[in-house]
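Asks: Would you mind keeping the following structure in view while I ask a few things?
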């Protein structure tokens, strides 16, 4: 990684040195001040750039992700430069590649990450170089209605920024040869470094391995939060999880940690059903069985108390609803394409007092929930490290997305 433009770098250095010297507490060593100033310039980094969606499979041949050297500007007010150490591959990355959920292009994708703070921008509080952090894929403004109601996952300005592929101020820090490159979910983690809003970052215990910590940025908060926050599972209740990717298996682990009486796992892959049994599922059912829903209802005395759908497929959500009992709750945490629709029996929703709830980012408050869930992991009650299928390098990214598209993996992690 090297600086771009010596004159601009020198001017940035002088500006931040003066600013930092005013703000720095008297006890801060000069070496730390030097560390904080040396980054205040545009640098070149390695990143996986998506320039065209919808390329054909296999991705090992069409290469939708190009490993490029791009330019990254220093953090602005309220932003942090993070050295990325590990990134999980998520279905939300895959649908950007396929075009199922279109993104502004070109873009650096990747949002489930962990890393080390390398530099803080002006007016950043609570973070310092050397801190270990996990970003959430939704920053929060702290001022909109959703943020004031304690629902930062639904922050309106952050939603607009994520849709636009920008940071919270509506601009980008990534570019190449004068053309800007967008940020996926405000993180853009398939890169050596990323500039991220401080409101999206959560400081974590340094003892947690980066490849495990990264999973808490999406799979864990989404899956565990769907069970703990959205569904509010109580001890003894029966829970079905439909879809056993990283999010679904996190939901299964959360149901077990919450004391669910019977845990049902549903998927189309027998290998994932076997893993679910190893992780604590009491019974498993293959969703390709035409009698799957009827068998689950028979095994649970009329249906489960709570069904959590994480597959992101309309049929999966319909099945999850059908396998809940009278008075039961169905939670959907899966994200299909925006054109997807479902068909449910209206009468049962009212006449049987059933509930259907959406769960985005696990209805989490990341600054509250990520440390809690990491605590459960460290206590052995949430063994999310078992969800990691393998570690990969930059050069293996396209092949890893082939495996994800074939549903032949749970969570592969890019380790830098």
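Readers should treat all values here as calculations from the given coordinates under stated rules, not as data from a laboratory. A quick note: this is a predicted structure, and the numbers were derived from the prediction, not measured. Here the Cβ positions follow ideal geometry from the backbone for every residue, glycine too, while neighbour counts run over all protein chains shown.
Asks: Take residue 344, project a point 7 Å from its Cα along the Cβ direction, then tell me which residues of the range 288-321 have their backbone nitrogen under 17 Å from it.
Replies: 303-321
Asks: So, one more: Using packing as a proxy for protection, rank 200-208, 73-81 so that the peptide with the highest average count of other Cβ atoms within 10 Å comes first.
Replies: Per-residue mean Cβ counts within 10 Å order the peptides as 73-81, 200-208.
Asks: How would 155, 141 line up from fewest to most surrounding beta-carbon atoms within 10 angstrom?
Replies: 141, 155
Asks: Calculated from the structure, Cα Rg over 2.2 N^0.38 Å equals which of (i) 2.26; (ii) 1.16; (iii) 1.01?
Replies: (iii)
Asks: Shifting gears a bit: Looking only at 192, 71, 61, which one moves most when the chain is put into a Gaussian network model with springs between Cα atoms under 10 Å?
Replies: Ranking 192, 71, 61 by mean-square fluctuation puts 61 first.
Asks: With the contact rule set at Cα under 8 Å and sequence spacing of 6 or more, what percent relative contact order holds for the range 96-250?
Replies: Once normalised by length, the contact order is 27 percent.
Asks: If you don't mind, another one. With both bridge residues required to lie in the chain, what share of the DSSP beta bridges run antiparallel, to the nearest 5%?
Replies: 60
Asks: If I stretch the segment between residue 355 and residue 268 completely, what's the gain in nm (0.36 nm per residue apart, minus their alpha carbon distance), one decimal?
Replies: 28.8 nm
Asks: Only counting other Cβ atoms within 10 Å, I'd like 224, 95 sorted with the fewest neighbours first.
Replies: Lowest to highest Cβ neighbour count: 95, 224.
Asks: Distance from the Cα centre of the range 311-357 to that of the range 272-309, in angstrom?
Replies: Centre-to-centre (Cα) distance: 16 Å.
Asks: Hey, what number do you get for the chain at 222 nm if only DSSP H runs of n ≥ 4 count, each worth -39500 (n - 2.57), divided across all residues, to the nearest 500?
Replies: Estimated from H runs of four or more residues: -8500 deg cm²/dmol.
Asks: Compute a Gaussian network model of the chain, connecting alpha carbons closer than 10 Å, and tell me which residue from 305, 346, 282 fluctuates the most.
Replies: The residue with the greatest mean-square fluctuation here is 346.
Asks: Taking every DSSP beta bridge that has both residues in the range 223-360, what percent is antiparallel when rounded to the nearest 5?
Replies: Once the DSSP bridges in the range 223-360 are tallied, antiparallel ones form about 0 percent.
Asks: Taking Cα pairs under 8 Å and at least six residues apart, what relative contact order does the chain come out at, in percent?
Replies: Reported as a whole number, the value is 16 percent.
Asks: A follow-up question, please. Give me the angle, in degrees from 0 to 90, between the Cα long axis of helix 246-257 and the longest principal axis of the Cα atoms of the chain, rounded to the nearest 10.
Replies: 70
Asks: Can you tell me which of 334, 142, 223 moves the most in a GNM of the chain? Springs connect C-alpha atoms under 10 Å apart.
Replies: For the chain, modelled as a Gaussian network with Cα springs under 10 Å, the answer is 142.
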